Amino acid sequence: MPTKTRSRRPLRTAFLAGGLALALTAVGATAWATDRFLIEHVEISDVSSYEAENSSVDPTDTTVTETGAVDGDTYSDGETSVTVSQVVSGSGDDTLTYYVADVVLSEATRLRSAFAKDQYGENVTETTSGIAEDNDAVFAINGDYYGFRDSGILIRNGVVYRDSPARAGLAFYTDGTVQVYDETTTTADVLVADGVWNTLSFGPALVLDGAAVGGIEDVEVDTNVGNHSIQGEQPRTAVGVIDENHLVFVVVDGRAEGYSRGATLTELAQIMTDLGAQTAYNLDGGGSSTMFFDGEVVNRPSNGGERGTSDILYIAE
């Protein structure tokens with residue numbers, strides 16, 4: 001009986017087709033990720049003009065003048081003051097280095113927000129110092145990197161930019177109060193009507209009613225690639241509230257052996273309570289963590305230099 005043979009071409013063709021489909025899927029995924037997380041998508045090209053036309057708040061315009069010197073520098077206009085100092089604890093591989101800015105505002109609206117390149121949109125970035133210099137800032141820290149995600153309530157300088165509630169946010173009011181709030185229980189328009197000047201959407205909340213929040217090591221900010229895990233010893237940026245119009249900002253350096261290992265969220269919460277914060281909130285960290293003061297970056301960003309970010313909080317000269 002003749003031996004029957006089976007052609008393998010259909011199987012090989014199917015295999016090649018399947019491989020091509022996977023390759024095209026991979027290419028498609030790469031293209032999507034590039035478009036979503038790398039390519040600039042500008043929605044508002046002149047934020048300064050947009051805010052001038054749309055903000056319902058007329059911020060107080062006062063000038064900050066220099067009154068101090070190097071470590072423990074203080075800038076003051078007699079009402080608004082910024083004092084920056086460095087703190088180092090531990091030794092060797094356990095060394096922790098961070099910078100503290102104690103800020104007393106004459107008016108809550110002296111603390112402003114600014115976007116990279118004066119543009120609003122996705123993936124629009126600039127260094128913290130660059131944005132600060134563009135806005136004549138005497139002091140600035142990186143914000144929440146709003147442009148990396150498409151969720152969260154976003155109000156800046158009294159103007160609504162995004163109303164997509166997702167997490168616990170931080171609201172700065174024009175009367176000087178600052179509160180952690182649940183974005184999913186309100187809207188941006190309601191917040192503005194209630195007097196909210198700026199919101200931040202990152203987290204988690206570190207301190208509430210003067211006590212460190214439990215369970216913060218397990219919080220995920222969102223599900224974006226490379227952004228949901230904020231655990232472990234990391235460079236950090238945080239803002240705390242000591243009293244009405246009295247704020248404290250902390251930038252922790254990290255990933256630098258012998259200089260600063262970085263802090264856990266629990267350690268950051270302890271730093272904030274030790275500084276007297278009644279409320280404290282975690283901002284974007286890692287390579288973004290940057291403090292700018294008196295014309296220069298005072299900390300050592302972990303990337304070996306500044307990483308571009310989408311926004312800052314600042315006080316102008």
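Each value in this text was obtained by applying a stated rule to the coordinates, not by laboratory testing. Since this is a predicted model, take the numbers as computed values, not measurements. No Cβ is skipped: glycine too gets one built from the backbone with ideal geometry, and neighbour counts run over all protein chains shown.
Assuming a ≥ b ≥ c are the square roots of the Cα gyration tensor eigenvalues, decide whether segment 102-248 counts as rounded (a/c under 1.5), prolate (otherwise, with a/b larger than b/c) or oblate. Judged from the Cα gyration tensor, segment 102-248 comes out rounded (a/c under 1.5). Can you give me the Cα centroid spacing of segment 175-191 and segment 118-140 in angstrom? Rounded to whole Å, the Cα centres lie 24 Å apart. Within segment 236-271, find all residues whose amide N lies under 11 Å from a label point positioned 7 Å from the Cα of Ser85 along Cα-to-beta-carbon. Correct set: none at all. Shape analysis of segment 44-316 yields a ratio of the Cα radius of gyration to the Kirkwood radius, Rg/Rh, of 0.93. Overall form of segment 160-225: oblate. Here a/c, set by the Cα gyration tensor axes a ≥ b ≥ c, is 1.5 or more, and a/b is not larger than b/c.
For Gln278, the residues whose modelled amide H falls within less than 5 Å of its own, excluding neighbours fewer than 5 places apart on the same chain, are Val241, Ile242. The residue list Ser288, Val180, Val221 was ranked by how far each Cα lies along the charge dipole of segment 177-317 toward its positive end, using unit charges on Cβ atoms, and Ser288 comes out on top. On alpha carbon coordinates alone, what is the Rg over Rh value for segment 128-204, Rh being the Kirkwood radius? Dividing the radius of gyration by the Kirkwood radius yields 0.98. With both labels modelled 7 Å from their Cα along Cα-to-Cβ, the Glu133 to Ser48 distance reads 1.6 nm. Annotation: peptides 297-307, 177-187, ranked by per-residue average of other Cβ atoms within 10 Å with the highest first, follow the order 297-307, 177-187.
Using the Cβ of Gln278 as centre and a radius below 13 Å, the other residues enclosed give a net charge of -4, where K and R count +1 and D and E count -1.
Do me a favour and compute the ellipsoid semi-axes for segment 89-148 from its Cα gyration tensor, root of five times each eigenvalue, largest one first, whole Å.
Values: eigenvalues 141, 69, 21 Å².
Whole-Å semi-axes of the equivalent ellipsoid: 27, 19, 10.
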